[in-house]
Structures are given as C-alpha cells and as structure tokens.
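Working notes for the structure below.
The values are calculated or read from the model by the stated rules, or taken from the named source; none is laboratory data. Owing to the predicted nature of the structure, the values given are computational and were not obtained by experimental measurement. Cβ placement follows ideal geometry from the backbone for every residue including glycine, while neighbour counts extend to all protein chains displayed. Please note that ligands, DNA and RNA were not included when accessible areas were found on the heavy atoms of the full protein model with its side chains. Shrake-Rupley method; radii C 1.70, N 1.55, O 1.52, S 1.80 Å.
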Amino acid sequence: MSAITEEIQKLDITALRKEFPVLNQQINGKPLVYFDNAATSQKPDVVIKAIEEYYQGYNANIHRGIHTLAEKATKAFEDTRETLRAFLNATEKEEIIFTKGTTESINLVAGSYGRKFIREKDEIIISAMEHHSNIVPWQMLCEEKGAVLKVIPVSEKGEILMEAYEELLSERTKIVSVVYASNSLGTINPVKELIDKAHDKGAIVLLDAAQAAAHEEIDVQTLDCDFLAMSAHKVYGPTGMGALYGKRSLLEDMPPYQGGGEMIKDVSFAKTTYNDIPYKFEAGTPNIADVVAFREAIHFVNRLGKKNIAAHEAEILDYATEKLQAIPDIRLIGTADDKVSVLSFVIEGIHHFDIGQMLDAAGIAIRTGHHCTQPLMNEFGLEGTARASFAVYNTKEEVDSMVVGLEKIIKFLKQ
Ligand code: PMP
C-alpha cells in the first residue's frame, strides 16, 4: 500500500460493520464473509437511506423546474458534483461528468475525443492488465479510424515494464489509457510516471480509477491526468453510477457523446447548438437518486479517511497473503510491491470454479474466472483465478474462515 503515514487512526470495524445491513446475514447456514469487493463493495445505511429519502421526499426532475421539489433535487444533484470535485481535487466542478460508471466514462472519451482527434496510423497505448472496458472501446475506435492499439507488457509479478512502455511511446502516440489499480492483480501502477512520459510525447492520458478510487488518495491536478474514470459502486455507492473527470480545455473541444434533452442550448430543425460542459455530456434525465446516494458514499469514505481505510485493508491483505503463501498448493497471481487489497490465486489441480462454489457453501463470497481481463489471463497462461478482495469492513477472523475453507477444499479434492 502506498502513501501511508503516521497520522493513521485505527477504525472501529465492529461498529462499522453495523452500518452495512447486508453483512448481518447467514449464507448457507454460515455468517456471510464478503470478499468480492473488487466486483462491488457493499453499501452503508447512509447510501441506502439517501435513495429512499430522495424518492419519498423530493423526487423531481432537475435543472429546468422552478418548483420547490425541483430546486431541492437540483441542489442535491449538483452538490454531488461539488463533492466529487473535492474528492478528486479537480479545479472546477464543471470538469465532473456523471456517467453510468467507468465503462461509460471510457466509452465517452473514446467515442467523443477519440472520434474527433484520432486519425489513421495514430497509436493508442494500453497495458496488458486492462479490464475489458479499457480495451474494447479503443479497439472499436482503432477499427473505425485505422489507428493502432499497442500494449505495454507486464512482468511475472504483475508490474508494468517501464522500459517497454518507453519504447512504445512515439510521436504517433495520441492516447495512453491505463488502469490505476488492477482488479485482477491488485497492482497499483506508477501512474504519475506513465502520465509524465506520455505528456513528453504530446499524448493525453486517461486513468481507469475503478479500483483505485476506494483505496488511493487521488489528486487529478498533481497527477495531471487528462481524464479519469470511476464507478460509484466500488466506493460504497450505488451501481450503474459513476463519473468522468476531464480537463476543461479538452472537454470543451469535444463533441457531445449522445444527443437529446439537457445537452442542448437551442434546437431548431435547421440547427442545434450545444450546452456548456458538463451538461453537454449529460443527455436525458439522469439517475438522480443514485447521484444523490453517490454523494453519501463519498462522504462516508471522507468520514473514515482514505488513509485509515487503506491502512486497515493493507493489514488484512498482508495477513491473508501470509496465510495463503503458507499453503503449499496455493500460488498467488499478482505479487507487485505496491498493491490494493486484491488477492488472486490458483490451486494447482483444482478448478477456480470449484474453489468458489465450495467456499460459497461455507458462506464465503469470492470471485472466480477471468475478472474481465482475459488477455491478462492469457499472458499468465491461465483461464482464470480465484480472487478475494477486501474492503474496510473485512476482518482477520474472516480471512481465517477462508483459510480453513481452502484447507478443507484442498484436503477433500486432492485425496
Ligand atoms: N476497470 C476496472 C479496473 C474494473 O475493476 C471495473 C469493474 N470491475 C471496470 C473498469 C468497469 O467498471 P463498471 O462495470 O462499473 O463500469
């Protein structure tokens, strides 16, 4: 874990768990152990209540209404934008665009910036550890434009090979789009270095911060990234909700991504003029309830403090890593020096689906498969892995339960 200093405060995890209603249940007769946080984290009471309060108290369409409910809904909606601006330390709230999540944020950049600025033989660089959502939109763009997609290889530990990256960069590179923290390996990439090197060649950089947002302190001004994509549901917020950060100068130069209401200034059958940012990119009635709940999720993270969250998760990750390393049949996949709390592993001779199913029978939820990173799995010569990923409410006792479960599985299936 990076950026952990002495100001860290120990969190009261027992009290914290009570804020997450879903954790208080039995699965298959056993207390739920939820270790699938890289797929989606659970939601605290404040987030769930925000959705209910919106629909019960001030459901109204935003921006154009002059009645009280519309004003209240608009204020709450725009407050989230300001909360996110502060969360990412963007210069202005107009640089924050609401989307359905990381996937839509990346598609927006590829479909708008990419369509306008990418030409034949231009090059786009991604890394070998990208999620499919940071591969396919660029492939689609390259196909349409006759551009070329280049891939930075990763080491056996799961770290980006910086020299290979430098060799790939050239005057032809127009976009570098890389994951901040890998969902399959946990690797935290040296994003500042990647950004600076891309800028030296005149390329712009998009960061996929889907996994990083809940764990890492993100400052888009210090990073100087051009775009950053994130999802609310990995930061204790609602699903199908997220944001794109983009530098004002770039967003202003980009055409709309979708046409419709809200994104216009003036419409006639002869010609339409477009709204200013961020509204130019927010066509149609947005998901107001979930935007409002997103604000509560960010407040929740701010209340705990990212440093404190990261410190707790690092403790759980280190503990789990040590325990799993001690089991001879288990091989860890992704052993980078700097990691978020993701622990991928395989057990020789046992299919990952069997591991997942048998742990589920013991009430333990992990993820199995390729984790939407099929090309990465191919690089490692694997079909998939078993993956345990930890959030702020997880405990060492839960790790112990998983270890007992894994030992039983190995004993049962290997005899
Ligand atoms: N990138 C990474 C690294 C992810 O982990 C995920 C979600 N698994 C995504 C992108 C896509 O996020 P979403 O499905 O919320 O759009």
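A few comments on the model shown:
- In the range 270-340, lysine pairs closer than 19 Å at Cα, eight or more apart or cross-chain: 4
- The heavy atoms of Thr68 present about 110 square angstrom of accessible area, all protein chains included, probe 1.4 Å.
- With Cα atoms defining each centre, the range 285-345 and the range 49-74 are spaced 33 Å apart in the structure.
- For the range 15-106, the share of accessible area belonging to carbon and sulfur comes to 54 percent (1.4 Å probe, ligands and nucleic acids excluded).
- Per-q log10 I(q)/I(0), the chain, q = 0.07, 0.08, 0.10 Å⁻¹ (Debye; single scatterer per alpha-carbon; no solvent): -0.35, -0.45, -0.70
- Estimated FRET transfer efficiency when R0 is 22 angstrom, pair Glu379-Asp354 (beta carbons, to 0.05): 0.40
- Counting only the Cα atoms, the range 164-233 fills a convex hull of 88 Å³ per residue.
- Between the range 250-278 and the range 102-167, the C-alpha centres lie 27 angstrom from each other.
- The percentage of C-alpha pairs in the range 317-406 whose separation is greater than 19 Å is 35%.
- Efficiency of FRET between Arg115 and Leu161 - r from beta-carbon atoms, R0 30 angstrom, step 0.05: 0.50
- Between Ala209, Ala147, Ala361, the GNM of the chain built on Cα springs shorter than 10 angstrom shows Ala361 fluctuating the most.
- Note on Phe269 and Glu407: the extension gain reaches 42.8 nm, defined as 0.36 nm multiplied by sequence separation minus the Cα-Cα distance.
- Accessible surface of the range 192-318, 1.4 Å probe, proportion on carbon and sulfur as whole %: 47 percent
- Taking the charge dipole of the chain about its Cα centre, with +1 at Lys and Arg Cβ atoms and -1 at Asp and Glu Cβ atoms, the residue from Ala15, Phe353, Ile66 reaching farthest to the positive side is Ile66.
- Carbon/sulfur fraction of accessible area - the range 343-415, other protein chains in place, 1.4 Å, %: 51 percent
- Partner lysines for Lys75 [C-alpha distance under 16 Å; skip if fewer than 8 residues away on the same chain]: Lys93
- For the range 23-157, the per residue solvent-accessible surface stands at 46 Å², with DNA, RNA and ligands left out and a 1.4 Å probe.
- Neighbours of Asp122, meaning other residues whose beta-carbon lies under 9 angstrom from its beta-carbon, give a summed charge of +3 when Lys and Arg score +1 and Asp and Glu score -1.
- Per residue value of the accessible surface for the range 163-252 (all protein chains in place, 1.4 Å probe), Å²: 29 Å²
- With contributions of -39500 (n - 2.57) from each DSSP H run of at least four residues, the per-residue ellipticity at 222 nm computed over the chain stands at -11500 deg cm²/dmol.
- GNM result for the chain, Cα springs below 10 Å: residue of Lys271, Lys116, Lys145 fluctuating most strongly: Lys271
- FRET E, pair Val148, Arg248, Förster distance 30 Å, beta-carbon r, rounded to 0.05: 0.55
- Per residue, the average separation of C-alpha pairs within less than 8 Å and at least 6 apart gives the chain a relative contact order of 23 percent.
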